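Please treat every number below as a calculation from the coordinates, not as lab data. Quick caveat: nothing in here was measured; it's all calculated off a predicted structure. We place every Cβ from the backbone using ideal geometry, glycine too, and count neighbours over all the protein chains shown.
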Amino acid sequence: MLLATRCPACATVGPAPCADCVAAMAPSVAVPVPPGLDACRALLDYAGPARQVVAQLKYRNARASASWLAEGIAGLVSAEEVHLVTWAPTTDLRRRSRGFDHAEVLARRVAAELGRPCWSVLIRLPGPPQTGRTLLERRDGPEFGARRTVRGASVLLVDDVVTTGATLAAAAAALRTVGAARVIGAAAAHPR
Ligand SMILES: [Zn+2]
């Protein structure tokens, strides 16, 4: 027996999200391409029900809409332009407290939709030393390392929300150090 799902935005029992909330969502405007990426796309305008649906991804009991979002994100790219899918990991602390990484959940479902492998490539490095860094780098926040090579690959980098693009830019920089030929960003939502 299937457990009843609820719309993560309005809590109505049924599809997650429900038809009314889907109708109230707007597609994202074009996303400025962060440094180091070849393209960057987002599915939804991060407002109204879309904001709630994406925010709820972070909680295990409200992930019914992850598949719906993944299907939409997969529709932003063609499988032919992607060799493999990966994600920008959250901090170890957050992953341990929630028991999962919502960006990984999304990336794995997007990969399944595209019929492409999903690889764990990036490692989130602990708080970067700030000395010797430029003002721009200091503002940019997270730093990533890479655990394996992706030489020559076109990589789809999945995240939940792309705002300034700083996280995707930092992740793309790490992917380039292990040979990524192309990096395409794809997010569930982008605020106007
Ligand atoms: Zn709803």
| note | Burial-style ranking of 42-48, 28-34, 92-98, average other-beta-carbon count within 10 Å with highest first, yields 42-48, 28-34, 92-98
| field | Per principal axis, descending, Cα span of segment 1-81 in whole Å | value | 44, 26, 21
| query | Which stretch or stretches of segment 75-107 have amide N atoms under 18 Å from the point lying 7 Å from Arg147's Cα along the Cα→Cβ direction? | reply | 84-107
| Under 5 Å, built H, 5+ apart or other chain: amide partners of Phe144 | Leu125
| message | Please arrange Phe100, Phe144 by how many other C-beta atoms lie within 10 Å of their C-beta, fewest to most. | response | Phe100, Phe144
| Applying the Karplus parametrisation 6.51 cos²θ - 1.76 cosθ + 1.60 with θ = phi - 60° to the phi angles of segment 4-9, what ³J(HN,Hα) value in whole Hz is obtained for each residue in order, glycine and proline being reported as x? | 5, 9, 10, 4, x, 8
| task | Check each of the GluC sites (Glu not before Pro) in segment 11-106 and keep only those in coil by DSSP with at most 11 other C-beta atoms within 10 angstrom; list them in order. | result | none
| task | Scan around Cys40 for amide H atoms under 5 Å from its own, H built in the peptide plane at 1.01 Å from N, and keep only partners 5 or more places away or cross-chain. | result | Gly185
| field | Taking Thr164, Thr90 and counting other C-beta atoms within 10 Å, the order from fewest to most | value | Thr164, Thr90
| request: Tally the DSSP beta bridges in the chain and give the antiparallel ones as a percent, rounded to 5. | output: 20 percent
| query | In deg cm²/dmol and to the nearest 500, what is the mean residue ellipticity at 222 nm of the chain if only DSSP H runs of at least 4 residues count, each as -39500 (n - 2.57), divided by the residue total? | reply | -9000 deg cm²/dmol
| field | Kirkwood Rh (inverse of mean 1/r, distinct Cα pairs), the chain, angstrom | value | 17.0 Å
| query | Can you list the residues, at least 5 places off or on another chain, whose amide H is less than 5 Å from the amide H of Val85, using H built in the peptide plane? | reply | Cys118, Trp119, Leu156
| remark: A correct Karplus calculation of ³J(HN,Hα) over segment 31-46, with 6.51 cos²θ - 1.76 cosθ + 1.60, θ = phi - 60°, whole Hz and x for Gly and Pro, returns 8, x, 6, x, x, x, 9, 8, 7, 8, 10, 9, 7, 10, 5, 6
| request: Give me the distance in nm between label points sitting 7 Å out from Cα along the Cα-to-Cβ direction at Thr164 and Ala79, one decimal. | output: 3.8 nm
| remark: note: segment 33-123, Cα-Cα separations exceeding 19 Å make up a percent value of 44 percent
